[in-house]
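Encoded as structure tokens, the structure appears first; notes follow it.
The values are calculated or read from the model by the stated rules, or taken from the named source; none is laboratory data. Source: prediction; values computed, not measured. Neighbour counts run over all protein chains shown; Cβ positions are idealised from the backbone, glycine included. For the accessible areas, the whole protein counts, side chains as well, though only heavy atoms, and no ligand, DNA or RNA atoms are used. Shrake-Rupley method; radii C 1.70, N 1.55, O 1.52, S 1.80 Å.
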Amino acid sequence: MELILHYIPYILLFAAATAVIYTWGIWRTMRQKQDLSNMLSSKGITKVRKALRKKGPMTRRELEPVVKDLTAKQPFNSERMAVTDPGKFLDSILPYMLKQKLITEEKENGKIIYRYRK
């Protein structure tokens, strides 16, 4: 009996560690779509800023090929998220970039162009 009481704390510690790891896995799975979306947006913002810095002012149509084939993937996970419609993707990131003052929007010759903001 004394021998069994000696192992009970180890068994309880193992059970607690298992519960924590299981809970973390469930939480990570629930947040996976949002995390992939955030990663994809971040990659898109970086690509757009880099293109505007290199090539100068660009229209929305000129920016579409820049974000066309972007994908996001978490390490140790097979789930991926990719840009399927560059127009809609730009509709989601350009207002954010304007609000954060990363780029500026100007009207030139009747066209809206986006310019990198230093």
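Can ALA51 be described as small (Gly, Ala, Ser), in a helix (DSSP H, G or I) and over 17 Å from PRO65 (Cα atoms)?
no
Please identify the pairs in which a residue from the range 80-92 that is polar (S, T, N, Q) has its Cβ atom under 8 Å from the Cβ atom of a residue that is part of a helix (DSSP H, G or I), counting only partners at least 6 apart or on another chain.
Hits for this filter: SER92/SER41.
Please go through the range 54-78 and give me each residue that is among the basic types (Lys, Arg) and not in a helix (DSSP H, G or I), ordered by number.
Within the range 54-78, LYS68, LYS73 meet the criteria.
Give me the residue from the range 1-59 that is in contact (Cβ under 8 Å) with a residue 12 or more places away in the chain and of a type in the set (Val, Ile, Thr) and, out of that set, surrounded by the fewest Cβ atoms within 10 Å (Cβ to Cβ).
My answer is THR59.
Does LEU36 satisfy the condition of being in contact with a strand residue (DSSP E or B) (Cβ under 6 Å, 6 or more places away or on another chain) and under 28 Å from ASN77 (Cα atoms)?
yes
Given the residues LYS43, LYS73, which is the only one that is at pLDDT 95 or above and under 30 Å from GLY25 (Cα atoms)?
Residue meeting the stated conditions: LYS43.
Is it the case that ILE26 is over 20 Å from the mean Cα position of the chain (by Cα) and more than 28 Å from LYS111 (Cβ to Cβ)?
No; evaluated as a whole, the condition is false for this residue.
Name every residue in the range 96-118 that is open to solvent by 70 Å² or more (accessible area, probe 1.4 Å) and outside any strand (DSSP E or B), in order of residue number.
TYR96, LYS99, GLN100, LYS101, ASN109, ARG117, LYS118
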